[in-house]
Amino acid sequence: MSNIKEAIENIKDDLEFFDDELDKYEFIIDLGKKLKPFNESDQKDEYLVQGCTSQVWLVPTINDNILYLSGTSDAIIVKGLVHIILEIFNERTIQEIQEFDINILSELGLTEIITPNRQSGVQGMIKKIMEVSKNGNI
């Protein structure tokens, strides 16, 4: 299994394959279609991510010092962004997450593709993940 930096590099390589921003946008939407089915009973306020224009749910579970995440959104483009965040952070050790210090949006070039409100939502997802890694819960 790759580490966080390798996961970011893999996603970056995938995005850089496309020259056109619209093609990148469509690729992100297609990623959202690959999200694992989300349990509707987990669509609770406690799992809602703050700072997102659309509704985003992230459900964290920690087992043996490893963070497991599931998530979804009610917006198709955001589902793709959730997929990216899960690719980066799901099944990582708490220590690796706590040591993480990379601006994902800049690193992946997403600031050119998604709106400031969507960027805020991605930052909200990352913030929630960081809080869970520090506190051990939501």
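Where a number appears in this text, it was derived from the coordinates with a stated rule and is not lab data. Computed from a prediction, not measured in an experiment: that's the story for all the values here. Here the Cβ positions follow ideal geometry from the backbone for every residue, glycine too, while neighbour counts run over all protein chains shown.
All conditions in (1) under 24 Å from SER2 (Cβ atoms); (2) touching a Gly at 6+ places or on another chain (Cβ under 9 Å); (3) assigned to a loop (DSSP other than H, G, I, E, B) hold for GLY80, with the sole exception of (3). Out of the residues in the range 11-20 that are touching a residue at least 40 places away in the same chain (Cβ under 8 Å) and surrounded by 12 or more Cβ atoms within 10 Å (Cβ to Cβ), state the one that is nearest to LEU67 (Cα to Cα). My answer is ILE11.
Give the residue that is farthest from ILE94 (Cα to Cα), with candidates limited to residues of the range 1-56 that are basic (Lys, Arg) and under 17 Å from the mean Cα position of the chain (by Cα). If we take residues in the range 1-56 being basic (Lys, Arg) and under 17 Å from the mean Cα position of the chain (by Cα), then LYS24 is farthest from ILE94 (Cα to Cα). Each residue in the range 97-112 was checked for being crowded, with 16+ Cβ neighbours inside 10 Å, touching a helix residue (DSSP H, G or I) at 6+ places or on another chain (Cβ under 6 Å) and in a helix (DSSP H, G or I), and 3 of them qualify.
Among the residues of the range 31-47, those identified as surrounded by 14 or more Cβ atoms within 10 Å (Cβ to Cβ), in contact (Cβ under 8 Å) with a residue 40 or more places away in the chain and part of a helix (DSSP H, G or I) are LEU31, GLY32, TYR47. Scan the range 48-74 for residues that are surrounded by fewer than 19 Cβ atoms within 10 Å (Cβ to Cβ) and either in contact with a strand residue (DSSP E or B) (Cβ under 7 Å, 6 or more places away or on another chain) or assigned to a loop (DSSP other than H, G, I, E, B) (or both) and the total you get is 13.
When VAL132 is tested against (1) part of a helix (DSSP H, G or I); (2) in contact with a strand residue (DSSP E or B) (Cβ under 6 Å, 6 or more places away or on another chain); (3) buried (at least 22 other Cβ atoms within 10 Å of the Cβ), just one condition goes unmet, and that condition is (3). What are the residue pairs meeting all of these: first residue in the range 113-124, first residue surrounded by 15 or more Cβ atoms within 10 Å (Cβ to Cβ), second residue among the charged types (D, E, K, R) and in a helix (DSSP H, G or I), Cβ atoms under 8 Å, and 6 or more apart or on different chains? Pairs found: ILE113/GLU21; ILE113/LYS24.
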